[in-house]
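Take a look at the structure below.
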Amino acid sequence: MANTYKRILLHLVFAVKNREAVLDKSWRPKLFEYIHGIVNQRGHFCYAVNGYYDHLHIFFDYKAHELIQDLVREIKKSSSAFIKENSFVKGKFEWQSGYGIFSHGYNNKDTVI
């Protein structure tokens, strides 16, 4: 096939280790912006990053040029370093090891965002 078109919209969810409520609303927007940049920098297209005190959601157009688990690992690793470098959390910060990932149709994009 001469032209290939794909659109894979994914909703990624992961939590702070032990669901600790440490993602303070005073600096969450900076973290969300940083994660948005990580996703885009890795060649995907991020629609939205949001969350609460103990977890976050990332909605993006997955371009399928890397494994999902590699992308998640890099998001967690880079965002953890960002949190530590900015001293947003007192003490040790870690994300939980697992994650949830869900696909959505393009017609649901605005609802998910």
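The values are calculated or read from the model by the stated rules, or taken from the named source; none is laboratory data. These numbers were taken from a predicted model, which means no experiment stands behind them. Cβ coordinates were reconstructed from backbone atoms using ideal geometry, including for glycine residues, and neighbour counts include every protein chain displayed. Accessible surface areas use protein heavy atoms only, side chains included; no ligands, DNA or RNA. Shrake-Rupley method; radii C 1.70, N 1.55, O 1.52, S 1.80 Å.
Summed over the stretch 84-109, the residues that are among the polar types (S, T, N, Q) and over 19 Å from R7 (Cα atoms) give a count of 4.
Of the residues making up the stretch 56-77, those that are more than 10 Å from the chain's Cα centre (by Cα), of a type outside the set (F, W, Y) and within 24 Å of T111 (Cβ to Cβ) are D61, K63, A64, I68. I'd like the full set of residues that are closer than 20 Å to L9 by Cβ, aromatic (F, W, Y) and touching a residue at least 24 places away in the same chain (Cβ under 8 Å), limited to the stretch 26-58. F32, Y47, listed by residue number.
Looking at this structure, is K30 open to solvent by 70 Å² or more (accessible area, probe 1.4 Å) and at pLDDT 95 or above? Spelling it out, K30 is indeed open to solvent by 70 Å² or more (accessible area, probe 1.4 Å) and at pLDDT 95 or above. Can you confirm whether the stretch 39-46 contains a residue that is in contact with a Cys (Cβ under 7 Å, 6 or more places away or on another chain), of a type outside the set (K, R), surrounded by 11 or more Cβ atoms within 10 Å (Cβ to Cβ) and under 20 Å from A81 (Cβ atoms)? Yes: one or more hits. Selection within the stretch 4-20: residues that are in contact with an Asp or Glu (Cβ under 7 Å, 6 or more places away or on another chain) and not in a strand (DSSP E or B). The member of this set that is farthest from F88 (Cα to Cα) is R7. I'd like the full set of residues that are surrounded by 12 or more Cβ atoms within 10 Å (Cβ to Cβ), within 16 Å of D24 (Cα to Cα) and free of Cβ contacts under 8 Å to residues at least 24 places away in the same chain, limited to the stretch 77-113. Across the stretch 77-113, the qualifying residues are S80, K84. So L23 clears everything in (1) open to solvent by 50 Å² or more (accessible area, probe 1.4 Å); (2) farther than 18 Å from I101 by Cβ; (3) without any contact (Cβ under 8 Å) to a residue 40 or more places away in the chain; (4) of a type outside the set (D, E, K, R) except one condition, right? Which one? Condition not satisfied by L23: (1).
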